[in-house]
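> The structure's right below; bear with me while I get my questions together.
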Amino acid sequence: MNQEELLYAETHEWVHVESGVATIGITAFAAEQLTDLVYMELPEVGRQLNVGEEFGEVESVKAVSPLYSPVAGEVIEANTELPGKLDLLGSDAFGSGWMIKVRISGEPDASKLLSHEAYQKQCAEGN
Amino acid sequence: MTDNIASTPLTSWHRAAGATMSPFAGFDMPIHYGSIVAEHHACRNAATLFDVSHMGRIRFDGDRSAELLDRLLTRRVSDLAPGGIRYSLMCNEEGGILDDVLVYHIEKPSGGRFHMLVVNASNRQKIIEWLTPRMADYPDVICTDRTELTSMIALQGPLAMATVEGLFKHPADKLGYYHSYVTEQFNKPVIVSRTGYTGEDGLELITRADEAGRIWENLMLAGRKHGIQAAGLGCRDTLRLEAAMPLYGHELSESIDPISAGLGFACNFKDRTFIGSEALVKIKADQPQSVRVGIRVEGVRPAREGCQILDANDQNIGAITSGTVSPTLQYPIAMGYVAAEHSQIGSPLTIDIRGKRAAANVVPLPFYKRNR
């Protein structure tokens with residue numbers, strides 16, 4: 001994925017939309033902040049998600065972090081290999097570290113999401 | 001406790017080293033310098049340096065300080081020889097735990113002696129307030145909060161003792177477990193004790209605040225060939241959990257008594273009374289309803305503090321107080337309180353991890369024990 005073309009949630013999820021399907025993951029910045037990942041949970045295929053709804057969680061040695069959906073729609077695929085290869089979240093967050101694919105109607109609400117530039121700014125400010 | 005976040009004498013070092021910092025008990029403390037797990041392994045296999053300056057250090061001067069502490073602590077202090085250190089508890093009248101503390105009997109090189117309590121950072125203010133009215137009958141005992149005038153550094157790991165070789169005026173290698181002495185580095189006094197909170201061999205050092213930076217740097221330099229790493233509060237938590245050491249605010253609180261917490265060994269009732277002793281004698285005789293246990297959770301998902309513990313009939317029988325994936329053992333471990341009838345080793349448990357059930361078993365504590 002070209003990171004500059006992605007949209008970002010303030011909660012560190014990224015989203016890429018193509019042909020009505022949104023691919024969602026978390027950013028390398030988020031994975032680095034979490035450090036020492038030990039577990040993650042993804043939703044089942046078929047589940048309906050609303051914008052901002054918790055779709056899973058990722059856990060470090062220290063804490064649990066919920067994952068929030070930046071879009072609304074139906075989960076059509078989950079990256080079931082990922083929970084067994086958590087290091088991909090750090091090493092290939094925007095590629096093989098993707099988490100779920102969601103079929104959406106229309107485009108994501110860009111006014112609620114951040115551009116690459118705006119997201120970079122948020123990270124630089126330490127959020 | 002003020003709203004302002006206090007720095008330790010080492011805060012600027014942590015920031016310069018790139019630590020992830022977080023407020024803890026009013027202090028700006030390092031959580032990790034990159035990886036909790038890497039720091040955890042460094043402590044188990046080599047040596048690590050922790051800034052624990054946030055821990056409260058309260059000094060008692062005066063001939064009757066042992067007598068006062070005998071009244072306040074669950075273990076006798078008056079028979080603690082100079083150089084001795086004792087783990088003890090401070091309870092309220094009902095037997096609830098106000099804090100778990102280390103009491104030191106320190107002998108200065110000049111020959112003078114005093115006692116010192118090392119208390120939990122989050123309890124320091126509470127303990128000082130608790131002490132004040134109870135010291136009225138001991139006007140000759142002078143109590144001073146030395147926390148901000150001093151710094152405390154923990155050097156922990158199998159190579160801790162090798163690290164300090166030649167560093168102090170008097171070598172530390174003969175120091176017994178739970179003993180301390182006062183030595184010097186660069187003509188400045190350092191209290192050195194063979195204690196820690198990680199399950200490893202090691203030392204804890206108390207220095208003047210303005211000497212902390214220099215001694216920290218020296219330890220980092222001396223430990224370089226042993227693979228020393230600075231370590232934060234993150235791995236301190238995983239280390240102490242593997243070693244099954246209770247943590248105040250998690251395994252211990254004012255609504256938990258020492259008997260339920262499995263700390264009966266730290267309550268000495270013979271020929272003495274202390275604040276809370278009457279209540280505790282009764283709890284001991286009646287046997288506690290719920291007790292602290294070690295739990296191994298099956299699978300890979302850790303149970304966290306607050307997760308409910310259920311029996312085979314889905315009835316609530318307790319709750320998790322601390323849990324993580326053990327970096328040493330590579331599987332989820334936890335401590336928690338369960339109804340006494342479910343506390344035997346091997347008892348099957350079910351943990352409700354945020355809506356999903358995980359199978360678990362009561363296992364012996366500690367989870368990890370070093371080879372001595």
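> Have a look at B:Gln344, B:Gln330 and point out the one that is modelled with pLDDT of 95 or more and at positive phi.
B:Gln330
> Within the stretch B:308-347, which residues are within 11 Å of another protein chain (Cβ to nearest Cβ), buried (at least 22 other Cβ atoms within 10 Å of the Cβ) and out of contact with any helix residue (DSSP H, G or I) (no Cβ under 9 Å at 6 or more places or on another chain)?
Passing the criteria: only B:Pro332.
> Turning to a different aspect of this structure: Quick check on B:Glu298: is it within 14 Å of another protein chain (Cβ to nearest Cβ) and within 26 Å of the chain's Cα centre (by Cα)?
So B:Glu298 does not fit the description; no.
> What pairs can you find where one residue is in the stretch B:290-302 and under 16 Å from B:Pro327 (Cβ atoms), the other is among the polar types (S, T, N, Q), and their Cβ atoms are less than 6 Å apart, with a gap of 6+ or different chains?
B:Arg296/B:Asn361; B:Pro302/B:Thr324
> Quick one: which of B:Arg113, B:Arg194, B:Arg214 is at pLDDT 95 or above, among the basic types (Lys, Arg) and within 28 Å of B:Phe367 (Cβ to Cβ)?
Every option except B:Arg194 fails the conditions.
> Please pick out the residue among B:Glu217, B:Glu200, B:Glu204 that is buried (at least 16 other Cβ atoms within 10 Å of the Cβ), in the same structural domain as B:Glu165 (by the TED database) and not in a loop (DSSP other than H, G, I, E, B).
B:Glu204
> Pull up the stretch B:27-59, narrow it to residues that are assigned to a loop (DSSP other than H, G, I, E, B) and among the polar types (S, T, N, Q), then point me to the one that is least open to solvent (accessible area, probe 1.4 Å).
Looking at the filtered set, the residue picked out is B:Ser53.
> Would you be able to tell me the number of residues in the stretch A:67-100 that are part of a loop (DSSP other than H, G, I, E, B), hydroxyl-bearing (Ser, Thr, Tyr) and surrounded by fewer than 20 Cβ atoms within 10 Å (Cβ to Cβ)?
So the answer is 2.
> Report whether or not B:Glu67 is outside any loop (DSSP other than H, G, I, E, B) and open to solvent by 40 Å² or more (accessible area, probe 1.4 Å).
Criteria met by B:Glu67.
> Then there is this: Could you figure out which of (1) touching a strand residue (DSSP E or B) at 6+ places or on another chain (Cβ under 6 Å); (2) open to solvent by 30 Å² or more (accessible area, probe 1.4 Å); (3) under 21 Å from B:Ile353 (Cα atoms) isn't true of A:Glu44?
Every condition holds for A:Glu44 apart from (1).
> When you scan the stretch B:235-264, how many residues do you find that are open to solvent by less than 10 Å² (accessible area, probe 1.4 Å) and assigned to a loop (DSSP other than H, G, I, E, B)?
Selection size over the stretch B:235-264: 4.
> Please indicate, with yes or no, whether at least one residue in the stretch A:50-66 is more than 14 Å from chain B (Cβ to nearest Cβ), assigned to a strand (DSSP E or B) and surrounded by 15 or more Cβ atoms within 10 Å (Cβ to Cβ).
no
> Checking B:Gly34 against (1) within 14 Å of another protein chain (Cβ to nearest Cβ); (2) in contact with a helix residue (DSSP H, G or I) (Cβ under 8 Å, 6 or more places away or on another chain); (3) not hydrophobic (A, V, I, L, M, F, W, C), which single condition isn't satisfied?
Condition (2) is where B:Gly34 drops out.
> Please work out if B:Cys267 is outside the structural domain of B:Pro30 (by the TED database) and buried (at least 22 other Cβ atoms within 10 Å of the Cβ).
Yes, satisfied.
> Can you name every one of the strands (runs of 3 or more DSSP E) wholly within the stretch B:91-191 that holds 2 or more residues which are closer than 26 Å to B:Ser253 by Cα and open to solvent by less than 40 Å² (accessible area, probe 1.4 Å)?
B:97-107, B:113-119, B:150-156
> Also, quick follow-up: For the stretch A:20-49, give me the residue count where each residue is part of a loop (DSSP other than H, G, I, E, B), within 13 Å of chain B (Cβ to nearest Cβ) and hydrophobic (A, V, I, L, M, F, W, C).
Of the residues in the stretch A:20-49, 1 are part of a loop (DSSP other than H, G, I, E, B), within 13 Å of chain B (Cβ to nearest Cβ) and hydrophobic (A, V, I, L, M, F, W, C).
The values are calculated or read from the model by the stated rules, or taken from the named source; none is laboratory data. Since this is a predicted model, take the numbers as computed values, not measurements. Positions of Cβ are backbone-derived with ideal geometry, glycine not excepted, and every protein chain shown enters the neighbour counts. Side chains included, ligands, DNA and RNA excluded: accessible areas come from the protein's heavy atoms. Shrake-Rupley method; radii C 1.70, N 1.55, O 1.52, S 1.80 Å.
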